[in-house]
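The values are calculated or read from the model by the stated rules, or taken from the named source; none is laboratory data. As the structure is a computational prediction, the values presented were derived from the model and not from experiment. Ideal geometry is used to build each Cβ from the backbone, glycine not excepted, and the neighbour counts take in all protein chains shown. The accessibility values were calculated without ligands, DNA or RNA, using every heavy atom of the protein model including side chains. Shrake-Rupley method; radii C 1.70, N 1.55, O 1.52, S 1.80 Å.
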Amino acid sequence: MRLRKITLREIHMQLLSPFQTSFGTSNLRRILLLEALTADGVVGWGESTAGENPFYSYETVETAWLILRDYLWPMLRGREFAAADVWDILSPVRGHNMAKAAVEIATWDAEAKQKGVPLAKLLGGTRAEIPCGVSIGIQPSTDALAKKVKDALDQGYQRIKIKIKPGCDLEPVRALRHEFPNIRLMVDANSAYSLEDAALLKQLDAFYLIMIEQPLGWDDIFSHSILQRQIETPICLDECIHELDHARAAIETRSCKIINIKLGRVGGHTAARRIHDLCEKNSIPVWCGGMLESGVGRAHNIAMSSLSNFSLPGDVSASKRYWAGDIVEPEVEVTPQGTIRVPTAPGIGYAPRIDRIESLTKRREVLE
Ligand code: OSB
Ligand code: MG
């Protein structure tokens, strides 16, 4: 394909309730959406998962915008390529994977639409439905947390993840395990601990969690290898895995037993698939993480989750958990069995609602 232009948009979306992690609280999402128009008139949609602040990763909406406009678009402009080539074309830019992913995933949507096939199929996905879990932020009280957990279980979600941070870890986990002894439960620390906390993290073993996600430094694979030798709970890496070599290092050093793949963090579908394939060869199950995405990013997550080694429930859940109204039609819905049906329409299979997107747009730039 050849791209005629790309349009960058910043939209603002209010979360239905604040989302608190060990690194901060999110209320209003600023989301960079990218619309790519091909020479033959097909439109592909992408979303950067860059945050409002450089706290989860160093990227922000501002850095992603700048990198897309000044570096990534000039590398693609006027060129003929397939979606599967984009990751390698953009490789001279080091890092900035969330910026890269925004345009890379849009080209995959466009190519699937050109071919008239669902994106999941173009990527090689084999699942008709994906298993879903929820990620529940830090709550003001244990009672509030237990209520959120119960609501999610009532809706059918197959796995519960709660956020933890120092001072808010053993107690909520103990309380939940007491009330829900049989559920698939896990915790996510978002890098809030250090190896000095190993004894405390070891106490989590008593609660047979299915995993602990990213307890230590955001780019410190080595320390996780030391911690994993000391605890029974499987470690899942999120923040540490930015590229294939990180996944290889984590597997070889036995720093984790599970990997969370996020399209933004790894730079799009091609990079995600390479990590997926490497993990599959090494019997490391993967699951799809979430970044409080709009329906566009969520649709891409669903397509990616249809690949065979996404065998654990991910953080991909229904639109209505986040937004009063999503920007795609239909909204993303979860079945009573806690699954999402992979759409069968061409491309991402959910139609962006242009009227709604326009009304949420705070900034726009067209690059030709
Ligand atoms: O660590 O998985 C994370 C949200 C923002 C930044 C990091 C994370 C998260 C989540 C939310 O856990 C997952 C979701 O989109 O529901
Ligand atoms: Mg995480």
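Okay, here's what the table says:
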read-out	value
Residue within segment 282-298 that is free of Cβ contacts under 8 Å to residues at least 12 places away in the same chain and either surrounded by fewer than 23 Cβ atoms within 10 Å (Cβ to Cβ) or basic (Lys, Arg) (or both) present	yes
From the options 105, 130, 89, 67, residue that is of a type in the set (Val, Ile, Thr), modelled with pLDDT of 95 or more and assigned by TED's automatic domain parsing to the domain that holds residue 238	130
Residue that is least open to solvent (accessible area, probe 1.4 Å) [pool: residues in segment 193-233 that are within 16 Å of ligand 2 (Cβ to nearest atom) and charged (D, E, K, R)]	213
Enumeration of residues in segment 140-166 that are in contact (Cβ under 8 Å) with a residue 12 or more places away in the chain, within 20 Å of residue 25 (Cα to Cα) and either open to solvent by 30 Å² or more (accessible area, probe 1.4 Å) or within 16 Å of ligand 2 (Cβ to nearest atom) (or both)	142, 148, 160, 161, 162, 163, 164, 165, 166
Residue list for segment 335-351, filter: on the phi < 0 side of the Ramachandran plot, touching a residue at least 60 places away in the same chain (Cβ under 8 Å) and either in a loop (DSSP other than H, G, I, E, B) or out of contact with any strand residue (DSSP E or B) (no Cβ under 9 Å at 6 or more places or on another chain) (or both)	335, 336, 337, 342, 343, 344, 345, 346, 348
Members of segment 234-254 that are within 15 Å of ligand 2 (Cβ to nearest atom) and either assigned to a loop (DSSP other than H, G, I, E, B) or on the phi > 0 side of the Ramachandran plot (or both)	234, 238, 239, 240, 241, 242
Restricting segment 104-133 to residues that are in contact with a Leu (Cβ under 9 Å, 6 or more places away or on another chain) and more than 19 Å from residue 47 (Cα to Cα), the residue that is surrounded by the most Cβ atoms within 10 Å (Cβ to Cβ)	133
Residue 169 assigned by TED's automatic domain parsing to the domain that holds residue 208, surrounded by 22 or more Cβ atoms within 10 Å (Cβ to Cβ) and of a type outside the set (A, V, I, L, M, F, W, C)	yes
Helices (runs of 4 or more DSSP H) fully within segment 255-326 counting 2 or more residues that are over 10 Å from the mean Cα position of the chain (by Cα) and more than 11 Å from ligand 1 (Cβ to nearest atom)	269-281, 295-304
Residue tally, condition under 20 Å from the mean Cα position of the chain (by Cα) and among the polar types (S, T, N, Q), over segment 330-368	1
Any pair with Cβ under 7 angstrom, 6 or more apart, that starts in segment 352-368 at a residue that is free of Cβ contacts under 8 Å to residues at least 40 places away in the same chain and ends at one that is of a type outside the set (Lys, Arg)	353/327; 353/328; 353/329; 356/325; 356/327
Residue in segment 313-334 that is among the small types (Gly, Ala, Ser), modelled with pLDDT of 95 or more, touching a strand residue (DSSP E or B) at 6+ places or on another chain (Cβ under 7 Å) and within 16 Å of ligand 2 (Cβ to nearest atom) present	yes
When residues of segment 322-342 are limited to those that are buried (at least 19 other Cβ atoms within 10 Å of the Cβ) and of a type outside the set (A, V, I, L, M, F, W, C), the one farthest from residue 4 (Cα to Cα)	338
Condition met for residue 190 (on the phi > 0 side of the Ramachandran plot and under 21 Å from the mean Cα position of the chain (by Cα))	yes
